1. Applying the selection to the stretch 232-243, what residues are outside any strand (DSSP E or B) and crowded, with 16+ Cβ neighbours inside 10 Å?
2. Scan the stretch 244-258 for residues that are within 15 Å of the ligand (Cβ to nearest atom), within 16 Å of residue 149 (Cβ to Cβ) and in a loop (DSSP other than H, G, I, E, B) and jot them down.
3. Pull out all pairs, ordered by first then second residue, where Cβ-Cβ is under 6 Å, the residues are six or more apart or on different chains, the first lies in the stretch 41-64 and is farther than 23 Å from residue 254 by Cα, and the second is part of a loop (DSSP other than H, G, I, E, B) and more than 10 Å from the ligand (Cβ to nearest atom).
4. Being buried (at least 16 other Cβ atoms within 10 Å of the Cβ) and not in a strand (DSSP E or B) is the filter here, so list the residues in the stretch 168-198 that pass it.
5. Being within 16 Å of the ligand (Cβ to nearest atom) and more than 30 Å from residue 135 (Cα to Cα) narrows it down to one residue among 6, 11; which is it?
6. So in the stretch 322-337, with the set limited to residues that are touching a residue at least 12 places away in the same chain (Cβ under 8 Å) and surrounded by fewer than 22 Cβ atoms within 10 Å (Cβ to Cβ), which one is farthest from the ligand (Cβ to nearest atom)?
7. If you check residue 283 against the conditions, is it surrounded by fewer than 24 Cβ atoms within 10 Å (Cβ to Cβ) and within 16 Å of the ligand (Cβ to nearest atom)?
8. Do you know which of the residues in the stretch 299-322 that are part of a helix (DSSP H, G or I) and in contact with a strand residue (DSSP E or B) (Cβ under 8 Å, 6 or more places away or on another chain) is nearest to residue 338 (Cα to Cα)?
Ligand code: GLY
């Protein structure tokens, strides 16, 4: 089957790669000649347990998504160092004991599922993460991290090696049953279309007459020079930091609904830097060496939409805060669904997601 994947980020490419490996003839389209949207902006924190507050189908998908990452990197031929992979989990920082009690209480459901959750005293936290301000202690949860900027080009190369072709730099202007039209005037025959363009997917869905309500949520991030090396990430509310192999520290992230505005907010950079300095005193006073924003794709349902809209039309979008985490498993799900294999337990019906 000829399949057109619209979107050359981690989600689109992961789907394209699996579909090509299943023997389909896959073309990837992206409006940008050099796609660098959410996949490039993301920190790469793989934190299913830190990002969830109750047992849900999304949490189960995210937990399964984390399990897929080691195999995904192996298939890409990437060593842990190649991907800046670390699986030391992450700490949730508490600012007072009541905070720590509240956090722990809300994580009881995780213990009930058999997930490791450790409550660390200030001393234990200082021993586990010597650069962190021990404060009143922390919780530790399993998780991992990866540098998406390292994975993206390798995934793209893997796609090309498996026969995927690319059409980059021309937006899709029309999607009909058996063809796509691009702004450069070209038309491409296709048997099926997969919409995987992150925050731009609702607009593409509208071209097909499909309602997929959603709005981007901007995240601003900074890099501090460090150097500082952490085994895992540190998180507090929606803020987090993690070290890269060069010792620089990535600090994220804001949550701003401002449409497709990607402007940097200097005060947000200052606030992130100040928080990083509180969490890791060696970072106090450091000036960001880089600041950037990305647009998370959030659907009105708050859930991803992964599946069939109608004959010949599929979507993989709405991954919101979990795009990197869910990229490998989304590729598997989409390939299984299009290939008619059973994935009911983990699929997210786009019709429900869009309703
Ligand atoms: N998952 C982290 C973020 O979206 O900022």
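The values are calculated or read from the model by the stated rules, or taken from the named source; none is laboratory data. Only a predicted model underlies this, so the values are computations on that prediction, with no experimental measurement involved. So basically every Cβ, Gly included, is an ideal-geometry build from the backbone, and we count neighbours across all protein chains shown.
1. 232 - this is the single residue of the stretch 232-243 that is outside any strand (DSSP E or B) and crowded, with 16+ Cβ neighbours inside 10 Å.
2. Matches in the stretch 244-258: 253 only.
3. That search, which allows pairs on different chains as well, returns 63/48.
4. Once the filter is applied, which keeps residues that are buried (at least 16 other Cβ atoms within 10 Å of the Cβ) and not in a strand (DSSP E or B), the stretch 168-198 yields 170, 171, 190, 196, 197, 198.
5. 11
6. My answer is 337.
7. No; evaluated as a whole, the condition is false for this residue.
8. Result: 320.
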